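Chemist: Questions regarding the structure given below will be posed in turn.
Readers should treat all values here as calculations from the given coordinates under stated rules, not as data from a laboratory. Everything numeric in this text was worked out from a predicted model, so none of it was measured. A quick note on method: Cβ atoms are made from the backbone with ideal geometry, for glycine too, and the neighbour counts reach across all protein chains shown.
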């Protein structure tokens, strides 16, 4: 177990193994996304209230899921790199920040697009949307902090600490934002309460969630591989790889 | 008598880069160790490891015969003086000294007045440090060593920006500390008028092995 | 004198030597607050309604300005390194340092908070609420800001960056302050409950952040 953990920390090992696994992962991700999207967009029944516009949840919900999960994954990577000084964890932390931010932005954007036909406005200041926006700011903060340092190790450690502080803070932020909005607009907007979904609508959603998770993993691995090559460009194995 | 501090194959690396490695030395009470080597040989880093600023060294470091665990240190028994002097420029000389005496483990018999006298800062005691010259600041920083009860002094280039008179003063302080059973590890580009052992950073001197 | 007291004395002396650090936030707040009635051209009633938002933004900005560069001087002159190589708890030292800095800036500003409320026609009964809310709020914001200051201690001109990384973390405090000041405007009794909630949050921040601050300073120190 420890050996495996140790190996996982080696960029060279990660590069080789991820290179082998990537085609399968890409296949899984694409299949899930295509199946989920076609099923969800073309074959799932229309919502009796919202019509066809509800179909954007097939992108909105999965990206919203991964946005929050991605922050915690990033923070865990940060913790590992701080405690065990594992190189790969630092790389993961670095590459997952912009990807997470992109996912959060996508969730916000699709939410706005969904909001216009459904509630007549692109943006409402409700608890869920505001929390999502703050999550985007948290991501951008980590990204900005990392960019500010010239020394990579310091950038990673600082970002890891900030991410960890963020994980403690996120529940408090969510709770406080939620509390604030229920204080002011008691149950005027019931957008967050979902009625139980019809299985024909739910199945494609679950497939899309799995597909977006796989896509996220793929994106992180791809970026990590680029980052590995950039960092290890002076080492023998990368030089050999380039010469091939 | 056990050695005060000894290093066995001591090394330190940062971001995969080896700053130094393979350092061996032993220092007993009353000894002065001068570390030599060109710029970039890791002299300052070695002192910082000894001072406990940097954790996570390789090899073995023992204090009074006991090996140190990673993360453990003998903070109470070292006093470090580096390029950054650790004096507050918006406090007076006296206030700085009072802080040194009260905050760090210090010699209970020595009074601030005596130290002011010894460091020739008596006249300046109520002046703000920001008005002092570089050499005067250095003397103030050295008073932290004099006030402390630490047996190991770590001096990183203590003669920088000090006039001839100042150099004599610092040498006297070091000799005095050694004669009272203290130990000193220092780096310097100057030749020092002191009886001391020499340690060449490995990989950089004629005697050192190549890596 | 115990080492801790010596440290407190040193920090206090430094604050006393630089009274502008305490006075500037107060002047800043007074000036900005009086600008609002000038440019907004609102009735007393309307001013009272925007008052919480204005006051919270002012508190937020002055707290961030206080924390920017809080550890820089110590870091650059080698004091930070000496503190780490001292046998004393850095958790305690940094907690103390931030507390002293809060007392000299945030707390002093809190004393003037009722004046700011008066400028914006907050009701008279909100004097005490304003003071307590400002004191607790600034304590919380300064401890959070200190985390950012410690993380960016080796960087220069960090004002914008500091705001960027710390602002999202400030949201719970801002929300609570808004609830408190609005409720105080309306004369609701629930104000004391909200204040208690803010107190609890502040207590948590005060006890947790010094640990993060010293860890952040340590990694910056070690990479020098």
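Chemist: Bin width 10 Å, origin at 0, all Cα-Cα pairs of chain C: what percent of pairs per bin?
Modeler: 8, 33, 34, 18, 7, 1
Chemist: Also, quick follow-up: In whole percent, what relative contact order does chain C give with Cα contacts below 8 Å and a gap of six or more residues?
Modeler: Worked out over chain C, it gives 27 percent.
Chemist: If you don't mind, another one. Using a 10 angstrom cutoff on alpha carbons, build the Gaussian network for chain B and name the most mobile of B:187, B:55, B:36.
Modeler: Looking only at B:187, B:55, B:36, the biggest GNM fluctuation is shown by B:55.
Chemist: For the range C:1-89, what percent of Cα pairs sit more than 21 Å apart?
Modeler: Counting pairs separated by more than 21 Å, the tail of P(r) holds 52 percent.
Chemist: Let me ask you something else. Along the Cα-to-Cβ line of residue A:69, 7 Å from the Cα, sits a label point; which residues in the range A:201-223 have backbone N less than 13 Å from it?
Modeler: A:206-218
Chemist: Using a Förster distance of 35 angstrom, determine the FRET efficiency expected from the C-beta separation of residue B:110 and residue B:8, and round it to 0.05.
Modeler: After rounding to 0.05, the efficiency reads 0.50.
Chemist: To the nearest Å, what is the center-to-center distance of the range A:115-172 and the range C:114-151, using C-alpha atoms only?
Modeler: The two parts, judged by their Cα centres, are 25 Å apart.
Chemist: Which three semi-axes in whole Å describe the equivalent ellipsoid of the range B:1-114, each the square root of 5 times a Cα gyration tensor eigenvalue, listed largest first?
Modeler: 29, 18, 13
Chemist: Using all Cα-Cα distances in the protein assembly as shown, what percent lands in each 10 angstrom bin from 0 up to the longest?
Modeler: Whole-percent P(r) values from 0 Å outward: 3, 13, 19, 21, 18, 14, 8, 4, 1, 0.
Chemist: On a 0 to 90 degree scale, rounded to 10, what angle separates helix C:90-102 from the longest Cα axis of chain C?
Modeler: 40
Chemist: Here's something else I'd like to know. For the pair residue C:2 and residue A:242, what calculated FRET efficiency results from E = 1/(1 + (r/R0)^6), where r is the Cβ-Cβ distance and R0 = 60 Å, to the nearest 0.05?
Modeler: 0.45
Chemist: For chain A, just the Cα set please: Rg and Dmax, both in angstrom.
Modeler: Values for chain A (Cα only, Rg and Dmax): 20.3, 65 Å.
Chemist: If you wrap a convex hull around the alpha carbons of chain B, what volume per residue comes out, as a whole number of Å³?
Modeler: It is 129 Å³ per residue.
Chemist: Seen from all sides and averaged, what is the projected area of the convex hull of the Cα atoms in the range A:64-160, in nm²?
Modeler: Across all orientations, the range A:64-160 yields a mean hull projection of 6.1 nm².
Chemist: Is it possible to state the helix-based mean residue ellipticity at 222 nm for the protein assembly as shown, with each DSSP H run of 4+ residues giving -39500 (n - 2.57), the sum divided by total residues, to the nearest 500 deg cm²/dmol? What is it?
Modeler: The per-residue figure over the protein assembly as shown is -21500 deg cm²/dmol.
Chemist: Could you work out how far apart the two model spin labels at residue B:89 and residue B:29 are, taking each label as a point 7 Å from the Cα in the direction of the beta carbon, and quote it in nm?
Modeler: Placing both labels 7 Å beyond Cα along the Cβ direction yields 4.1 nm.
Chemist: Can you give me the Cα centroid spacing of the range B:174-196 and the range B:59-123 in angstrom?
Modeler: 17
Chemist: So how tilted is helix C:20-40 from the main axis of chain C? Cα-based, degrees 0 to 90, rounded to 10.
Modeler: 30
Chemist: May I pose another question? On a 0 to 90° scale, report how tilted helix C:108-119 is relative to the longest principal axis of chain C, with both axes built from alpha carbons and the result rounded to the nearest 10.
Modeler: 20
Chemist: Select from A:124, A:95, A:168 the residue whose mean-square fluctuation is largest in a Gaussian network model of chain A (Cα-Cα springs shorter than 10 Å).
Modeler: Maximum among the listed residues: A:168.
Chemist: Something else about it: Take the Cα atoms of the range C:49-161, find their three principal axes, and give me the spread along each one in whole Å, biggest first.
Modeler: Computed over the range C:49-161, the largest-to-smallest principal extents equal 52, 28, 16 Å.
Chemist: What residue among A:59, A:30, A:17 shows peak mean-square fluctuation when chain A is described by a Gaussian network model with Cα springs under 10 Å?
Modeler: It is A:17.
Chemist: Separate question: Determine, from the Cβ-Cβ distance of residue B:172 and residue C:27 and an R0 of 35 Å, the FRET efficiency 1/(1 + (r/R0)^6), rounded to the nearest 0.05.
Modeler: In this case the efficiency is close to 0.10.
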